[in-house]
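The values are calculated or read from the model by the stated rules, or taken from the named source; none is laboratory data. Values in this document were obtained by computation on a predicted structure and should not be read as measured data. Glycine also receives a Cβ, built like all others from the backbone with ideal geometry; neighbour counts cover every protein chain displayed. Side chains are part of the model used for accessible areas, which takes the heavy atoms of the whole protein and leaves out ligands, DNA and RNA. Shrake-Rupley method; radii C 1.70, N 1.55, O 1.52, S 1.80 Å.
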Amino acid sequence: MSRRWFMSGALLVAVAAPLLVPSSAVAAPPKPDTITIDGEELEGAITVHAKANPELFEALLSQVNWMADAKGQTGAPKADKLGRKYTVVVRVGDQSKQTYDLYPLAAGGPRAYRPAKQPDKRKATNGWFYGRLNMSETLRAAGVPLPEKPETLHGGIGGGDRVFDEDTLNPGRDLDKLLADLREVLLLNGAVVLVITLGLAGISLLVRRRTR
């Protein structure tokens, strides 16, 4: 009997052992380490490696990785409004994992397209997205021949936003306007108070004359 219990206990330990392995011991999936950019006017595909240029690599990856599981944001733009197309492929080692088409010069702002057919065979749907405002500058930093975008403010690779003109960001002008408006309001209120005071004084004088 004891031998049978011993064999049963050993079998349970053998079966449960894999379940007791800490989650931290499970190998994490490999991270992307290479990005390629291709386009019709390029002489050859541009390759950016994470180890060789980590800052630029992360900037390029941030342009596309958020679209992997996202739902499409917009309908398909008209073809003549898209401008140049650049195909970005995210790779892990020698294997292509994701592919996207970027349109940095599209009318109305950058656009991005995710094909349903992905190189890693995962399930995906066709999707159009509004691209990041610094898409053009990030691609330029990688070597894509694009015109410089002076309206894009970038504090380093991958950061960017629209720049307001001087009239929009002019605290001195805004303060002067605020004081002028406040002065007009005070003058208007003062005039109203004066009219009311004179009216009350006139009514008081009229009442006093009638009571005499």
Subject >> Residue among 76, 52 that is open to solvent by 40 Å² or more (accessible area, probe 1.4 Å), farther than 16 Å from residue 132 by Cβ and either in contact with a strand residue (DSSP E or B) (Cβ under 9 Å, 6 or more places away or on another chain) or assigned to a strand (DSSP E or B) (or both) >> reply: 76
Original post:
Given the structure, is residue 139 among the aliphatic types (A, V, I, L, M), surrounded by 16 or more Cβ atoms within 10 Å (Cβ to Cβ) and touching a Ser or Thr at 6+ places or on another chain (Cβ under 9 Å)?
Top reply: no
Original post:
Mind checking whether some residue in segment 116-135 is within 17 Å of the chain's Cα centre (by Cα), hydrophobic (A, V, I, L, M, F, W, C) and outside any strand (DSSP E or B)?
Top reply: yes
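Test of understanding: among 184, 148, which residue is part of a loop (DSSP other than H, G, I, E, B), more than 24 Å from residue 97 (Cβ to Cβ), modelled with pLDDT of 70 or more and open to solvent by 90 Å² or more (accessible area, probe 1.4 Å)?
Only one candidate passes the filter, namely 148.
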Subject >> Residues within segment 97-120 that are closer than 20 Å to residue 42 by Cα and open to solvent by 30 Å² or more (accessible area, probe 1.4 Å), tallied >> reply: 3
Original post:
Taking residue 90, is it among the hydrophobic types (A, V, I, L, M, F, W, C) and either modelled with pLDDT of 70 or more or open to solvent by less than 70 Å² (accessible area, probe 1.4 Å) (or both)?
Top reply: yes
